[in-house]
Amino acid sequence: MDNNLEMGQLELILDVRAELAEGPIWDEQQQKLYWVDIIGCQVHCFDPLTGQDQAVNVAQMVGTVVLRAGGGLVLAMQRGFYFCDFTTGELIPIGDPEADLPDNRFNDGKCDPAGRFWAGTMGTISPRQPSGALYVLDPDLGIRKMIDGVQVSNGIVWSLDQRTMYYIDTPLKTVDAFDYDLASGTVANRRPVIRIAAGEGGPDGMAIDSEGMLWVAQWGGWQIGRYDPLTGKKLARIDLPTQHVSACAFGGPDLHDLYITTARENIPPEALASQPHAGSLFRIRTGVRGLPAFRFRG
Ligand code: ZN
């Protein structure tokens, strides 16, 4: 593995032991990290300067959080898209494209460079059916279904030239690429570009760095992998002291810090004894810079 990045030591920065921490996103204006506990039905905001973490209860499962250009947050939840004022906890419903599918919920999602919010769904009943889909919430608040037959909709990022969208449906164990038309917000020509090695878990959330490389959280794989999406090659790995690594996001004053969320979900009690910090937040200084998060422009 030709890992020529200089990386710091992994730090446990918030020993919160959440059931399912996910969706980290760095707010470069406030210099704070938002994240969600999906099963705990909470949106959190962590301030690395003070070490303080604040949470609001949103009363339903919340899959992900993005920043709104005009201030505030947008959430993709169990029952659709919502605006959220973090300071008051006020929620304003926008729309639910799966009101007819009560066993589904929203999972991961992010904004594209044009300020559209892409987020996907998954079933919550086992055995899991491919009943999920990937949607886009446009700035005019219209919702379009873009991909059908999804099992567990997860990480999504755009290439530096904005002409490719990378997307993860976890059980496929691949990162897939699509040609991306930024003007219309449409995708075409799906193909797998990264395959997660056997025994290294399933791909979950991901982030892209300023060299165009993908940092993929590997659920059940005890690690974040850094991959080149043009060759499929694995370039580096960050080992975590817990098996379910759910997502990551670049942050910090210079966007060199990788924030990592993890989960306790589905870890048997006897296994939790040897990974007590499962569900907590970690951070590692990387030798590469991330990109600022795109904001919702509606
Ligand atoms: Zn996820």
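The values are calculated or read from the model by the stated rules, or taken from the named source; none is laboratory data. Note that the structure is a prediction, hence the values are computed from the model and not measured. Note that each Cβ is placed from the backbone with ideal geometry, even for glycine, and that neighbours are counted across all protein chains shown.
Would you pick out the residues in the range 139-197 that are among the basic types (Lys, Arg) and more than 16 Å from the ligand (Cβ to nearest atom)?
Arg144, Lys145, Arg163, Arg190, Arg191, Arg195
Residues of the range 228-239 include none that is hydrophobic (A, V, I, L, M, F, W, C), closer than 19 Å to Glu22 by Cα and within 16 Å of the ligand (Cβ to nearest atom).
Applying the condition of being more than 20 Å from Glu19 (Cβ to Cβ) and not in a loop (DSSP other than H, G, I, E, B) to the range 200-213 and asking which residue is farthest from the ligand (Cβ to nearest atom) yields Asp209. With respect to the conditions (1) away from the ligand (no atom under 16 Å from the Cβ); (2) out of contact with any Pro (no Cβ under 9 Å at 6 or more places or on another chain); (3) more than 30 Å from Gly70 (Cβ to Cβ), Arg295 lacks only one, and its number is (3). When the criteria are applied in full, Tyr167 meets the requirement of being of a type in the set (Ser, Thr, Tyr) and within 28 Å of Gly220 (Cβ to Cβ). Residues in the range 266-292 that are at pLDDT below 95 and under 22 Å from Thr64 (Cβ atoms): 1 in all.
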